[in-house]
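As C-alpha cells, the structure follows; a few thoughts come after it.
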Amino acid sequence: MVIKMEILVIGSGGREHAIIVALKKSSRVTKIHATPGNGGIGAIADCHNVKARDIPGIVALAKELKPDWVFVAPDDPLVLGAVDALNDAGFKTFGPRKNAAILEGSKTFSKDFMKRRKIPTADYMAFTDSEKAIDYIKRKNTYPAVIKCDGLALGKGVIIAQCEREAVEAVQSMMINGKFGESGKQIVIEEFLEGAEVTVLAFTDGKTIVTMPASTDHKRAYNDDKGLNTGGMGVVAPVPYYTEEIADECMEKIFMPTVKGMADEGKVFKGCIYFGLIITPDCGAKVIEYNCRFGDPETQAVLPLLKTDLLDIIEAIWDERLAGINVEFSGKKSACIVMASGGYPEKYSSGYPIKGLDTVNDDNVNVYHAGTKAENGELVTAGGRVIAVTATADTLQAALDTAYSAVKKINFKDAHYRTDIGKKAIDCSE
Ligand code: AMP
Ligand code: GLY
C-alpha cells in the first residue's frame, strides 16, 4: 500500500522551486502542489491559482486538496498569519505563526527585541513622527545613515542615505508621501555598519537551532556592486570568511539568544530563521536583519547542499524534536547565478521565450525558475528575476565555472546577469 504524503507549497519564486526540488528528493513524498507556482514549478508540481497573500483562499485550497503538510515560504503570508489560519483549520505547517513572524514583519519589534536580549546589532532609534525623525538625523549628522520602513516593503524599504538631503528625503518619502504605504508610517534609523555581509539560514523548532552553510547574496544589479539594490543577483555558499570561530560566536551571542528570547516572550519560532549579518572588523558579527523564512536566492544555493530528507526536518520541527535528528550537508560548494530581465529592478518587459533550458544536462546543476510561465506550450519570461542557475562542486571556483557555463546555454531577449558572483569569496580564500 502506498501511503499518501502530499505537500502544498505556497509561493512562486526560485526559492519555492528549490524547496520543491528538495522535497521531491524525499522517497516518502507522493505529490506536490504549489500555489501560485510558476512555469518551472509546473513541470514537477500541480500549480493552483490562489495568490500567496490570499489567506482565506489558501485555507480553502488546503481544504480542497487535503495535503499532509503546507509549507508557507514567502514573507507576506507568514506575517499575515497564514500558518495560524492553516493550523486552526487542522493542517500541519512549516513556517512560523504570526506572533513569531513579527521578527521580520516589524523592524521596530526586531530592533527592540535585540536590545532587550543584548543581541549585537546596529544602534538605532524608532520613530512614528517624521519631524522627530528629521530632527534626530540633523542632530546626529553622521552619514551614511540607514533608514528603514518598519514593515514589509518588497525588499525595498531600506535607504542608505549619503547626506542630510538624502536622509530627509527618505524619511519624507516613507512617512509623509506614503511610498511604502502602512509599512513606512513607522521607521527605524540606524547606524551604518561596515563589513562583509553574510546570510545564515537556520532550522529551529523553538528550542534547538541548526544552522545551514553560510551564504552571501549579491544584492546590487551590476558587477562590482554597482547599480540599484535587487532581490538578489547571485549567491555562493559556504562563505570562506565566515570562519568557525565567527560561527561559534554567532551561535552564542545571536542564534541561541534569538530562539530562546522569542520562546521566553511567548513567540515560539518554528521554521527557518534568516539571520542577515555584517561581520564588522572590530566588533564581530552584528544582525542587520531577521527574516522569518528561507532567503531568495540564498535557498537556491544552500538547499542543494542539504543531504538530510527535508521532510524529516519539517516533521521534526513540528514535533519539536529537532535536537534528535542529524541534519547533514554535503560539504560541497555551491554557486547560484540569477538571470534577470534587462532593466530589472526598474522597468522591464516580459513574455520573451526562454531558450536552451533543455541543453543543460548536468547532475550538478539545478535550473530554478523564478519569473517564468508556460504560454502555449512555451516557457516565457514573467518577472524581474527569471532563472537562478545553481551548480555544486568540490571547489567554489568549479561551482562558479559550471554555473556560468550553464547560464551561457540559456537565453532570452535582454537577459542580464552579473559576471562577478563569488569574486570576493574567491579572492579572500586565495
Ligand atoms: P535589509 O532589507 O534590512 O536587509 O537591508 C537591505 C540591505 O541594506 C542589506 O542587505 C545591507 O546591504 C544594507 N543594510 C541594511 N542595514 C544596514 C546597516 N545598518 N549598515 C549597513 N548596511 C545595511
Ligand atoms: N535575499 C534576501 C532575502 O531573501 O530577503
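Just to confirm my filter: which helices (runs of 4 or more DSSP H) fall fully inside region 60-121 and include at least 3 residues that are at pLDDT 95 or above and either open to solvent by 60 Å² or more (accessible area, probe 1.4 Å) or among the β-branched types (V, I, T) (or both)?
Details: elements: 75-80, 82-88, 98-105, 107-116.
Passing ranges, in order: 98-105.
State all residues of region 176-197 that are out of contact with any Cys (no Cβ under 9 Å at 6 or more places or on another chain) and farther than 30 Å from K132 by Cα; if no residue qualifies, say none.
E197
Can you pull out every residue in region 194-246 that is away from ligand 1 (no atom under 12 Å from the Cβ) and of a type in the set (S, T, N, Q)? Please lay out each step first, then the result.
In the first step, residues of region 194-246 are kept if they are away from ligand 1 (no atom under 12 Å from the Cβ); the result is 200-215, 221-224, 226-227, 233-246.
Matches in region 194-246: T204, T208, T211, S215, N223, T243.
Across region 213-241, what is the number of residues that are more than 30 Å from D84 (Cβ to Cβ), within 16 Å of ligand 2 (Cβ to nearest atom) and either in a helix (DSSP H, G or I) or of a type in the set (S, T, Y) (or both)?
The qualifying residues number 3.
Filter region 49-59 down to the residues that are touching a residue at least 24 places away in the same chain (Cβ under 8 Å) and not in a helix (DSSP H, G or I), then identify the one that is surrounded by the most Cβ atoms within 10 Å (Cβ to Cβ). If you could, list the steps in order and put the result at the bottom.
As a first pass, look at region 49-59 and keep what is touching a residue at least 24 places away in the same chain (Cβ under 8 Å): 52-53, 55-56, 58-59.
Filter once more, keeping what is not in a helix (DSSP H, G or I): 52-53.
Numbers: A52: 23, R53: 14.
Once the filter is applied, the top-ranked residue is A52.
So which of F255, F294, F275, F269 is part of a helix (DSSP H, G or I), among the aromatic types (F, W, Y), under 20 Å from the mean Cα position of the chain (by Cα) and buried (at least 18 other Cβ atoms within 10 Å of the Cβ)?
Numbers: F294 fails: part of a helix (DSSP H, G or I); F275 fails: part of a helix (DSSP H, G or I); F269 fails: part of a helix (DSSP H, G or I).
On inspection, the qualifying residue turns out to be F255.
With open to solvent by 10 Å² or more (accessible area, probe 1.4 Å) and within 16 Å of ligand 2 (Cβ to nearest atom) as the only criterion, which of E289, E320 stands out?
Details: E320 fails: within 16 Å of ligand 2 (Cβ to nearest atom).
Only one candidate qualifies: E289.
Right, A301: within 16 Å of ligand 2 (Cβ to nearest atom), open to solvent by less than 30 Å² (accessible area, probe 1.4 Å) and either more than 27 Å from A425 (Cβ to Cβ) or assigned to a helix (DSSP H, G or I) (or both) or not? Before the answer, list the steps.
Details: within 16 Å of ligand 2 (Cβ to nearest atom): yes; open to solvent by less than 30 Å² (accessible area, probe 1.4 Å): yes; either more than 27 Å from A425 (Cβ to Cβ) or assigned to a helix (DSSP H, G or I) (or both): yes.
In short, yes.
Give region 135-170 a look and list any residue that's closer than 15 Å to T108 by Cβ and either open to solvent by less than 30 Å² (accessible area, probe 1.4 Å) or more than 9 Å from ligand 1 (Cβ to nearest atom) (or both), or say none. So that I can check it myself, show each step before the final result.
Pass one, region 135-170, residues closer than 15 Å to T108 by Cβ: 136, 146-153, 157-158.
Of everything in region 135-170, those that are closer than 15 Å to T108 by Cβ and either open to solvent by less than 30 Å² (accessible area, probe 1.4 Å) or more than 9 Å from ligand 1 (Cβ to nearest atom) (or both) turn out to be Y136, V146, I147, K148, C149, D150, G151, L152, A153, G157.
The values are calculated or read from the model by the stated rules, or taken from the named source; none is laboratory data. Here the structure is a predicted model, which is why all the values come from computation and not from measurement. Neighbour counts run over all protein chains shown; Cβ positions are idealised from the backbone, glycine included. Quick note on the areas: whole protein, heavy atoms, side chains included, nothing else; ligands and nucleic acids left out. Shrake-Rupley method; radii C 1.70, N 1.55, O 1.52, S 1.80 Å.
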